[in-house]
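The values are calculated or read from the model by the stated rules, or taken from the named source; none is laboratory data. These figures come from a predicted structure and were not determined experimentally. We place every Cβ from the backbone using ideal geometry, glycine too, and count neighbours over all the protein chains shown. Ligands, DNA and RNA are stripped out before the accessible areas are found, and what is left, the full protein with its side chains, is counted by its heavy atoms. Shrake-Rupley method; radii C 1.70, N 1.55, O 1.52, S 1.80 Å.
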Amino acid sequence: MPLVLIVDDENFNLQLIGEVLDRSGYQVMPARSGRQAVARAQLRRPDVVLLDLSMPEMDGMETCRRLRALPGLSDLPVLFVTAVNDRASLISAFAAGAVDYITKPFMVEELLARIKTHVELKLARDRLRGMVRDREDVIDIVAHDLKNPLTCVLFAAHSLARAALDSREADNVSEILGCTEEALQYIQRFLARGAAQERLRQFGYEMFSLRGMAIEAARLMRAAAEAAGVTIRVHGEATAWGDPRVARNVILNLLSNALRHSPSGEEVTIVTGASSRSGFSQCAVMDRGPGVAPEFESKLFQRGVEKSVDPQQSTSRYTSGIGLAIARHDVTQMGGHLRYEPRADGGSIFQFDLPQHAPLA
């Protein structure tokens, strides 16, 4: 049953509104002053507040600010109930954190309708936050539990590395070792993640060869390219400032998408070089796939949104967008920018810029 905090210095108003809400199935928590309202909200969190604008000692605006400053109540819906209806007062009320207002004298039907709307909105937000927390908990559990099988893979790969292997087999085992170790490091960083600044400190900034990372990404995707009948070419030369592993993972993400959407017999090209932005290097991954429909370009880097990549074939789609969203986030964290543009004569170009030098201290 939703809890409504009613704040008014007039006993008559408290009793009248309280009886109306009680008959309509709400719990009522009355307060005769702003200070009493703040104290009671600390003990029981209300779902919505009906607040008189004009009160002695602490007026409605100050009460609203203090209520919303309480832990867990920053988005508490506050509705002012007031006889004041001049523009300046209402603007000040909304600036203080109010979400709505009801003028006196009020109609009972209007009062109940507005309360119902804001209670439902708050409960919906609360449910959404709970779902997000549950999802994050599941992700943490999955990431944690992935460590065990990956550790087994790592031990098995180390055993294989000690055996007599031909050059191709040795290369494959080396790739298994490298990718598994990196996956374990990523999971460890993920589980240890904290505030945004802490995540920034997890990036290992240094000067590196952008071309070198592109060549390594192409090598790691060699088997996938062969299976798709696609050739990968790397051109150009550039150095950049950032985390080379993160940059390589961004290229891997873009390369994986390019291979997924490239027809057999085509070529995916990775070009590194100077960017049109002064002081930046650029890496572009270009394919001859179906491209991205113009109406979906603005959604490419959003999480949880499917993006059609072919204006004529609605069945050809990017997936949830998590990979591209993470890639853009990582590039942005390194001081760069990731973007998309259609390729002349068909296809896609995903390109990102990174600083050429370390920032000045």
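Quick notes
- Annotation: of all residues in region 254-292 being open to solvent by 10 Å² or more (accessible area, probe 1.4 Å) and within 13 Å of A224 (Cβ to Cβ), the one that is farthest from the chain's Cα centre (by Cα) is S264.
- Scanning region 229-252 for residues being open to solvent by 40 Å² or more (accessible area, probe 1.4 Å) and closer than 20 Å to E182 by Cβ gives a total of 2.
- Test: P77 is touching a His at 6+ places or on another chain (Cβ under 7 Å) and touching a residue at least 40 places away in the same chain (Cβ under 8 Å): yes
Let's see how each residue does on (1) part of a helix (DSSP H, G or I); (2) in contact with a Lys or Arg (Cβ under 7 Å, 6 or more places away or on another chain); (3) modelled with pLDDT under 70; (4) among the polar types (S, T, N, Q):
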residue: F94; (1), (2), (3), (4): yes, no, no, no
residue: Y101; (1), (2), (3), (4): no, no, no, no
residue: V142; (1), (2), (3), (4): yes, no, yes, no
residue: A156; (1), (2), (3), (4): yes, no, no, no
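Each row is one residue, and each column tells you yes or no for (1) touching a strand residue (DSSP E or B) at 6+ places or on another chain (Cβ under 9 Å); (2) part of a helix (DSSP H, G or I); (3) modelled with pLDDT of 90 or more.
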| position | (1), (2), (3) |
| --- | --- |
| A218 | yes, yes, yes |
| E226 | no, yes, no |
| W241 | yes, no, yes |
| L254 | yes, yes, yes |
| G273 | yes, no, yes |
| S278 | no, no, yes |
| V285 | yes, no, yes |
| S314 | yes, no, no |
| G323 | no, yes, no |
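- Only residues that are in a loop (DSSP other than H, G, I, E, B) and either among the polar types (S, T, N, Q) or open to solvent by 50 Å² or more (accessible area, probe 1.4 Å) (or both) were counted in region 293-303, giving 2.
- So L50, is it assigned to a strand (DSSP E or B) and open to solvent by less than 60 Å² (accessible area, probe 1.4 Å): yes
- Close contacts from region 86-108, counting a first residue that is closer than 21 Å to L76 by Cβ and a second that is among the hydroxyl-bearing types (S, T, Y) and modelled with pLDDT of 80 or more, with Cβ to Cβ under 9 Å and a gap of 6+ residues or different chains, come to L90/Y101; A93/Y101; F94/Y101; A96/T63; G97/S74; D100/T117.
- Of the numbered criteria (1) in contact with a strand residue (DSSP E or B) (Cβ under 7 Å, 6 or more places away or on another chain); (2) at pLDDT below 85; (3) open to solvent by 70 Å² or more (accessible area, probe 1.4 Å), the one P105 fails is (1).
- Residues in region 59-74 that are open to solvent by 40 Å² or more (accessible area, probe 1.4 Å) and either in a loop (DSSP other than H, G, I, E, B) or on the phi > 0 side of the Ramachandran plot (or both): D59, A69, P71, G72, S74.
- Considering A113, A39, the condition of being open to solvent by 40 Å² or more (accessible area, probe 1.4 Å), within 22 Å of R125 (Cβ to Cβ), out of contact with any strand residue (DSSP E or B) (no Cβ under 6 Å at 6 or more places or on another chain) and modelled with pLDDT of 85 or more is satisfied by A113 alone.
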